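So the structure is just underneath, and the comments pick up after that.
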Amino acid sequence: MLITSCYPLRRLRRIRQQPFARRLVAEHQLTVNDLIYPLFVLEGQNIREPIPSLPAIERLSIDHLVKEAQGCHALGIQAVALFPCIAADKKTLDAKEAYNDSGLIPRAIRALKEAIPSLGVIADIALDPYTSHGQDGITDRNGMILNDQTVDVLVKQALCCARAGVDILAPSDMMDGRIGVIRRALEENTFSEVMILAYCAKYASSFYGPFREAVGSKGALGKADKFSYQVSPSNGDEGLHEAALDIQEGADMVMVKPGLPYLDMVYRVKSQFLMPTFVYQVSGEYAMLKAASQHGWIDEKACVMETMLGFKRAGADAIITYYAHQIAQWLHDE
Ligand code: PBG
């Protein structure tokens, strides 16, 4: 502590009196360069499907996806993260649609990179949109998630997205060892420039509900949970351990998820590893902010921007949020 004097010589309120001084002393600032927009994509043409638990967010067919992404990029958003809504008849136990080169996600990646080459495209690497049971892994007869068999499929999915031209792969499944195996496969297949954004501290959270409704894994999952692979909300050190392993295995960036209930993890991961650290403000967080705003119980813009500053203060370099497009518009209008 450098404080050498105290009241009345030291009055902290002096720097808070005028707007110019408040701006000068601001330690953190959100810019549009910090934002990543998640997008849900579905088959078909000219389709925009609302998602009841994610007001203002829609599932988009590829033609609309491209338009939406163009709108975001025009406002300065640098990257989008894609999530597929796969038809029920394409979901199987072996999740083979996850590495179909003419599947929905590879086609969406190609369309985006062709129309907007300077927009970063992030693809989620996980099997839950593709399995008939909605789990992120291949299971044995008793429903146990098989780690290494799952990683084999994740590698195929990763290479499939790389072939389509993806910029960043974001493994969100939490199987052991997947970052290293994917990194090696990328190196061996001429994709050494493809980045990996590892969901390192991904928690077994109940805040993913609206997302599971959006991609249609909710019904498939039923009452099952993901506690056998996602980190328990009770554990902080374990999340750090996950981050250490993912970095060692070749992750370029790491991510903490969800956001607000895990700000300590954003802070700890950033200060421990000094790596690009992202945070995911997940669907349930968005739904809470939206619902309270729609009731007129909170000031939407003020509260949303406050959560963003919280992420920046905790050390986040970028934020995935369903509010990204809206925030970019607010920043633009200022
Ligand atoms: C799937 C995945 C999930 C989210 C992103 N990727 C859900 C889950 O793990 O069940 C959640 C995102 C959100 O809630 O916004 N691997």
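Readers should treat all values here as calculations from the given coordinates under stated rules, not as data from a laboratory. Note that the structure is a prediction, hence the values are computed from the model and not measured. Heads up, the Cβs are rebuilt from the backbone with ideal geometry, glycines too, and the neighbour counts pull from every protein chain shown.
At-a-glance table
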item: Relative counts (whole %) of C-alpha pair distances in the chain, using bins that are 20 Å wide; result: 30, 58, 11, 1
item: DSSP-defined beta bridges in the chain - what % are antiparallel, rounded to 5; result: 10 percent
item: Cleavage-rule hits, chymotrypsin sites (Phe, Trp or Tyr not before Pro), the stretch 271-314, DSSP coil, Cβ neighbours within 10 Å at most 12; result: Trp297
item: Most mobile of Met255, Met144, Met175 in a GNM of the chain (Cα contacts under 10 Å); result: Met144
item: Neighbour-limited loop hits for trypsin sites (Lys or Arg not before Pro), the stretch 130-184 (at most 16 other Cβ within 10 Å; DSSP other than H, G, I, E, B); result: Arg141
item: Fewest-first ranking of Thr190, Thr150, using other Cβ atoms within 10 Å as the exposure measure; result: Thr190, Thr150
item: Built amide H within the under 5 Å cut-off of Leu35, gap 5+; result: Gln78, Ile319
item: Order of Cys85, Cys200, Cys160 under a 10 Å beta carbon neighbour criterion, fewest first; result: Cys85, Cys160, Cys200
